[in-house]
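What follows is a set of notes on a single structure, which appears directly below.
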Amino acid sequence: MAKIVILGSGVMGTAMTVPLNDANHAVHLVGTHLDGDIIQEIKKNRVHPLIDFRLADTVELYTYDQLGQAMKGAELIILGVNSLGIKWAAEMLGPLLSPQVPVLFLTKGLVGDGQNLLILPDALRVLLPAQHRDNYRLAAIGGPMLATELAARRNTSVVITGSDQALLDELADLLRTPYFHIWTSTDQIGVEVCAALKNAYALGVGLVTGWLEKKRGPEDKAALFNPAATIFAQSMLEISYLVDRMGGQMNSVLTLSGAGDLYVTCLGGRNSQMGRLLGLGIPYAEAKVKHMRNITIEGAEMIRAIGPTIETMLDRGELDAAAVPLLRTVVAILCHDAAAKIPWKEFFAGPQL
């Protein structure tokens, strides 16, 4: 049994308490500075307000200002903050985190500095105290893992990635349950880029739902599998290009962290729901406030954050515009409120790997 602290009480961080508790670990769930109401609500009846399941009585709850208390004796920190909260997490963890205690990212995303893109473990590392920076033990989870299904103990398969194979094996052994299946990969770039981009591309797949609904009306009952499959295939091609461009491996694109995660996010994720709203022609700010308030849309928020960096890389020729027509479309919609026009004729015309 290990003492494990989860920082972030969103739906995924909270769902993660289920396999950890089933593996007989001592689980401590800490809300962020934005999660005060969630922690208080859970304390009332042990039910998360946004995910309908009851937390085990053994899971201990803390507000963000109690993080130091929660981390005493911790053997693993699981990071479940929003991807935009990496700087905040570094500020909170920096004074408290021992280099010997691993940090495992549930959070998926990329960070742009205006010039280049960074995976989240690298973004966190450079924000942690300099004297220990090279010694922190960081890893991340990728793969198809919907919070509601994990909480319901559905068979769930993931990849833990990082540069230290011994650490990956240690974490996999620590976290496996009969329904939580874990593989390991040292292709951290490939797994993390897939994990981040699948949210943005699931939003792109969702565009076609709203686009057709607007064009043909809600009374058109024909299925959308043909157009959605085209967008899915273009998404896989663009993810392959971007993973290769950033130094990752194709195996990550074709397995759980790429194809598997994109598939499940398109079917059941919040990003595809937002894509439908954008496809209907609703600007992002309006769609967020009127239809998806208090719901984190990781793909949309990430693209809005890194969109300027992507545009800079395109302008400098570091990304081939012909290789990423769907990504360019999503950036234009989310960053500039462009019309949701799907660039069908530009698909499959870029460089082939």
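The values are calculated or read from the model by the stated rules, or taken from the named source; none is laboratory data. Quick caveat: nothing in here was measured; it's all calculated off a predicted structure. Cβ placement follows ideal geometry from the backbone for every residue including glycine, while neighbour counts extend to all protein chains displayed.
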Q: For the range 322-345, enumerate the residues that are surrounded by fewer than 17 Cβ atoms within 10 Å (Cβ to Cβ), in a helix (DSSP H, G or I) and touching a residue at least 12 places away in the same chain (Cβ under 8 Å).
A: 322, 344
Q: Would you please name the residue that is farthest from residue 9 (Cα to Cα), looking only at residues in the range 283-311 that are under 19 Å from the mean Cα position of the chain (by Cα) and among the small types (Gly, Ala, Ser)?
A: 307
Q: May I ask you to verify whether residue 65 is surrounded by fewer than 19 Cβ atoms within 10 Å (Cβ to Cβ), outside any helix (DSSP H, G or I) and among the acidic types (Asp, Glu)?
A: no
Q: Quick one: in the range 248-288, of everything that is in a loop (DSSP other than H, G, I, E, B), touching a helix residue (DSSP H, G or I) at 6+ places or on another chain (Cβ under 7 Å) and at pLDDT 95 or above, which residue is surrounded by the most Cβ atoms within 10 Å (Cβ to Cβ)?
A: 248
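Would you confirm, using the coordinates I've provided, whether residue 190 is crowded, with 22+ Cβ neighbours inside 10 Å, within 18 Å of the chain's Cα centre (by Cα) and either modelled with pLDDT under 95 or over 24 Å from residue 342 (Cα atoms) (or both)? It would help to see each step written out before you state the result.
Numbers: crowded, with 22+ Cβ neighbours inside 10 Å: yes; within 18 Å of the chain's Cα centre (by Cα): yes; either modelled with pLDDT under 95 or over 24 Å from residue 342 (Cα atoms) (or both): yes.
Spelling it out, residue 190 is indeed crowded, with 22+ Cβ neighbours inside 10 Å, within 18 Å of the chain's Cα centre (by Cα) and either modelled with pLDDT under 95 or over 24 Å from residue 342 (Cα atoms) (or both).
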Q: Show the residue pairs that are 6+ apart or on different chains and have beta-carbon atoms under 8 Å apart, the first residue being within the range 153-172 and in contact (Cβ under 8 Å) with a residue 12 or more places away in the chain and assigned by TED's automatic domain parsing to the domain that holds residue 103, the second being of a type in the set (Val, Ile, Thr) and assigned to a helix (DSSP H, G or I).
A: 153/18; 159/191; 161/191
Q.
Just to verify a result, which residue in the range 5-33, among those that are of a type outside the set (A, V, I, L, M) and touching a helix residue (DSSP H, G or I) at 6+ places or on another chain (Cβ under 7 Å), is surrounded by the fewest Cβ atoms within 10 Å (Cβ to Cβ)?
A. 33
